[in-house]
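Below is one structure, written out as structure tokens; the observations come after it.
The values are calculated or read from the model by the stated rules, or taken from the named source; none is laboratory data. Remember, it's a predicted structure, so these values are computed and weren't measured experimentally. Here the Cβ positions follow ideal geometry from the backbone for every residue, glycine too, while neighbour counts run over all protein chains shown. Just so you know, the surface numbers come from the protein's heavy atoms only, side chains and all, with ligands and any DNA or RNA stripped out. Shrake-Rupley method; radii C 1.70, N 1.55, O 1.52, S 1.80 Å.
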Amino acid sequence: MFNLLKARIHHGYQAIHDPLNAAIHPSFPGLPTILRACKEDFCAAGSFCPTGAIGDNSLDLGKCVFCGECTRRFPATFAFNPNFRMASSRRESLIIRWDNQSNTCTAPAVEVNAALKKLCIRSFALRNVSAGGCNACELELGASSNVNFDMGRYGIEVVASPRHADALILTGPVSKNMEQAFVKTWEAIPDPKVLILCGACAISGGSFVNSDAISRDWLQTMQPALYIPGCPAHPLSIIHGLMSLLGRVK
Amino acid sequence: MKEKAQIVNPFLYVLPDLMELTDFLNGIRNLCLAGYSPLCFFGTARQELLCGMALAGKEPILLRCLFPQDMQYQSLSMEFPAFHLFERELWEEFGVTPLGHPWLKPVRFPIGGQQSMEQYPFFSSESSALHEVGVGPVHAGVIEPGHFRFICHGERIEHLEIQLGYQHRGIMNLLSQGDIRQKMPLAECIAGDTAIGHGLAYCSAIETLCNVSVPTALQTVRLIALELERIAMHLADLSALAGDIAYLSGQNFFAALRTTIINSSLAICGSRFGKRWLKPGGINYGLSKEQNSLLRSTLEEAGRQIERCTRAMFADAGVLNRFDSTGSVSKKAALELNFSGVTAKASGLAIDARCDFPLSAYTEFSPLCLDSGDVFARASIRAKEIEQSLDMIAHMLSTLPPVSAKDSVSLPPPMPDKLCIAITEGWRGRIVHVVKTDSESGTEFYRVIDPSLHNWFALALAVRNEGISDFPLCNKSFDLSYCGTDL
């Protein structure tokens, strides 16, 4: 009994006070910015980028696995900021582009989902399907509900049954062997429902996009409501993305 | 204290001469009888069988022969059960049939394999007293997919069959395509919760094939990363074990402590999982004097709280009642079935790659071991290993000069026609990577053997005669990887 009390006292209060505005360690590679247009740098970085995320003066957050090789080699062109707000409601806006007119780059943004804002403002239930996920995104999604991040405080929880869910949150590139179970889980969720893609693998196939063993055909017929980049997606990115979608970020 | 083995892991080979099939099989039998166990056993696109046999402290022995002409041979599994999964892989991938295999069925349903998932055969019983329970592939929690088929007598589990393969991503194929030196992000995804364990095996193998050696200080940083990963994941498991028995204080204490540990990794390399920290040739992020002392003080503080929490948990009658004698695995089974890591150590088998096949930066290491083989033993080993790893890190940090990532070495193309076996002790157990280069320094094949491949069978054994409601607890006490097995 005294052992437990002692441990409890030292445990203290662990919840992050405000996950939407939390400060994150400066070494965290979050939202990237393109610092300048430089054909040579983009060309060179494009040649070694492991997932082909780097294009013509652009960087695709949906493909990026945040290995950091581009910013380590070309710090004058690529910068990753300690900003976890990376989610987007449109695939296209995950591609950070350099704008020659303003000499700045674009950033992803989440548009509030009006239907969800009306229906799920106090309670939003997620059903996770891991389909070829490496267990990193799964652990981070799990951590979003833990004592530190505690997204349950917002009424957002991961539920066991698809029947209880408002959304399916996919992790992993969709392995062929898992595709059927993924589709069936989606079909088992009652309407209205939305699809959320968590992590580079779910969004673009990530490191596995060229594998014969994955199958994204069905996924490509779907219209996801939210994309959360990362490899894995950070719990703060997940929470911020979900809350933005629900229209609860001021 | 075990003496440090006088061998240097990773191991570099040229392919041994082809043997006759009978000599090959007899060679394996003799090595098994001499105490060796299989590290790897697989077929290659050249229609050859390769087998690596290991004994602690000795350089692994490679054996090689052509596929049998009639594509079949007498199975080794009845005599040496450690081969049962390797033989299933071989049959599934190449159609080589091990005659007399006790239960020949697919492992991971690779594309172009012998069977598709719908045809999966399950062991079943006609008895009207028994019923079957199917769970998965989609589980109730946030975890990876797999299917568990129970045969139960009332609440009691008679038999469990584990069907995996849902996570198969073709990662061994991807690893063998293109420049082998640029596969780090992929190696970190073999099992994302073991980014360092697999990443270090990959780095060590590639460095050996490229014939470079990494400065000791950088290697020490990599071992620190490996131990941090072990501490973090053992904490995650203690948290989940506590959660499974509704000991909610423990669930939250250990979850918060895990956050502290993985945030220390983030502060160094930017990733809570240690992704992008290591690279072939060294590391991407060094450790300054300030980072060193900050890490030491964070870990000291965390160590004190971990001690308080484990003391509270392991003194709780309710916890002990649920852990004690639940899900036991015998030492005999652990030895025969090639289990490793916590699974083996909790069943009295003192094996650990950190002393059996040490990477050069290890000094001395002695594995912790318990005999009872139950959930209690596996939970206790995790708690004790956390303490042990904290001590190891403190010791390494105390003598470590400031380390700069700039001291990493660049890699020339790998040597042609060489084979390398790299072994690391991940938090789940023994990780083996086998890489072979072709005559033009391309990659002929890349095999990965995650400890989970063997250890899943321990779960099937552990739940026999347990109540089905104890399955989650037993499962968590092993915490095995789905994607590490499915690859």
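Consider the stretch B:430-487. How many of its residues are more than 17 Å from B:T208 (Cβ to Cβ) and either part of a helix (DSSP H, G or I) or in contact with a Gly (Cβ under 7 Å, 6 or more places away or on another chain) (or both)? Of the residues in the stretch B:430-487, 32 are more than 17 Å from B:T208 (Cβ to Cβ) and either part of a helix (DSSP H, G or I) or in contact with a Gly (Cβ under 7 Å, 6 or more places away or on another chain) (or both).
If you go through the stretch A:162-183 and pick out every residue that is assigned to a loop (DSSP other than H, G, I, E, B), over 21 Å from A:S244 (Cβ atoms) and either open to solvent by 30 Å² or more (accessible area, probe 1.4 Å) or more than 8 Å from chain B (Cβ to nearest Cβ) (or both), you end up with 1.
The number of residues in the stretch B:280-291 that are out of contact with any Pro (no Cβ under 7 Å at 6 or more places or on another chain) and surrounded by fewer than 23 Cβ atoms within 10 Å (Cβ to Cβ) comes to 5. Restrict the check to the stretch A:163-185 and report whether at least one residue is more than 18 Å from A:P235 (Cα to Cα) and among the aromatic types (F, W, Y). So far as the stretch A:163-185 goes, yes, one or more of its residues are more than 18 Å from A:P235 (Cα to Cα) and among the aromatic types (F, W, Y). What number of residues in the stretch A:225-234 are at negative phi and open to solvent by less than 10 Å² (accessible area, probe 1.4 Å)? So the count comes out to 4. Residue check: A:I189 meets all listed conditions (1) within 19 Å of A:L245 (Cβ to Cβ); (2) hydrophobic (A, V, I, L, M, F, W, C); (3) within 12 Å of chain B (Cβ to nearest Cβ); (4) touching a Phe, Trp or Tyr at 6+ places or on another chain (Cβ under 9 Å) but one, namely (4). Against the criterion of being buried (at least 24 other Cβ atoms within 10 Å of the Cβ), at pLDDT below 95 and either outside any helix (DSSP H, G or I) or not hydroxyl-bearing (S, T, Y) (or both), A:N210 does not qualify.
Just to be sure, is B:A405 at pLDDT below 95 and hydrophobic (A, V, I, L, M, F, W, C)? Considered against the rule, which asks whether it is at pLDDT below 95 and hydrophobic (A, V, I, L, M, F, W, C), B:A405 comes out as yes. Any residue in the stretch B:399-411 that's under 14 Å from B:R296 (Cα atoms) and in the same structural domain as B:I268 (by TED's automatic domain parsing): show its pairings with residues that are open to solvent by 30 Å² or more (accessible area, probe 1.4 Å) and part of a loop (DSSP other than H, G, I, E, B) at Cβ separation under 7 Å, as long as the two are six or more apart or on different chains. Correct list of pairs: B:P402/B:S288.
When B:A256, B:A246 are checked against the criterion of being of a type in the set (G, A, S), over 21 Å from the mean Cα position of the chain (by Cα) and open to solvent by 10 Å² or more (accessible area, probe 1.4 Å), B:A246 stands alone in meeting it. The condition (being modelled with pLDDT of 95 or more and surrounded by 15 or more Cβ atoms within 10 Å (Cβ to Cβ)) is satisfied by just one residue among B:L130, B:L186, B:L104: B:L186. Is it the case that the stretch B:208-225 has a residue that's open to solvent by less than 10 Å² (accessible area, probe 1.4 Å), under 30 Å from A:N210 (Cβ atoms) and out of contact with any strand residue (DSSP E or B) (no Cβ under 9 Å at 6 or more places or on another chain)? There is at least one residue in the stretch B:208-225 that is open to solvent by less than 10 Å² (accessible area, probe 1.4 Å), under 30 Å from A:N210 (Cβ atoms) and out of contact with any strand residue (DSSP E or B) (no Cβ under 9 Å at 6 or more places or on another chain). Does the stretch B:344-353 contain any residue that is open to solvent by less than 10 Å² (accessible area, probe 1.4 Å) and within 20 Å of B:A242 (Cβ to Cβ)? Looking for residues that are open to solvent by less than 10 Å² (accessible area, probe 1.4 Å) and within 20 Å of B:A242 (Cβ to Cβ), one finds at least one in the stretch B:344-353, hence yes. When residues in the stretch B:137-177 are screened for being more than 10 Å from chain A (Cβ to nearest Cβ) and free of Cβ contacts under 8 Å to residues at least 12 places away in the same chain, 1 of them pass. Restricting B:L461, B:L411 to those that are more than 30 Å from B:A344 (Cα to Cα), touching a helix residue (DSSP H, G or I) at 6+ places or on another chain (Cβ under 7 Å) and open to solvent by 30 Å² or more (accessible area, probe 1.4 Å) reduces the list to B:L411. Against the test of being touching a Leu at 6+ places or on another chain (Cβ under 6 Å) and not in a helix (DSSP H, G or I), the options B:R272, B:R258 yield a single qualifying residue, B:R272.
Counting the residues of the stretch A:85-107 that are outside any strand (DSSP E or B) and more than 21 Å from A:K39 (Cβ to Cβ) gives 10. When B:F150, B:F94, B:F123, B:F109 are checked against the criterion of being under 21 Å from A:A131 (Cβ atoms) and either buried (at least 20 other Cβ atoms within 10 Å of the Cβ) or of a type outside the set (K, R) (or both), B:F109 stands alone in meeting it.
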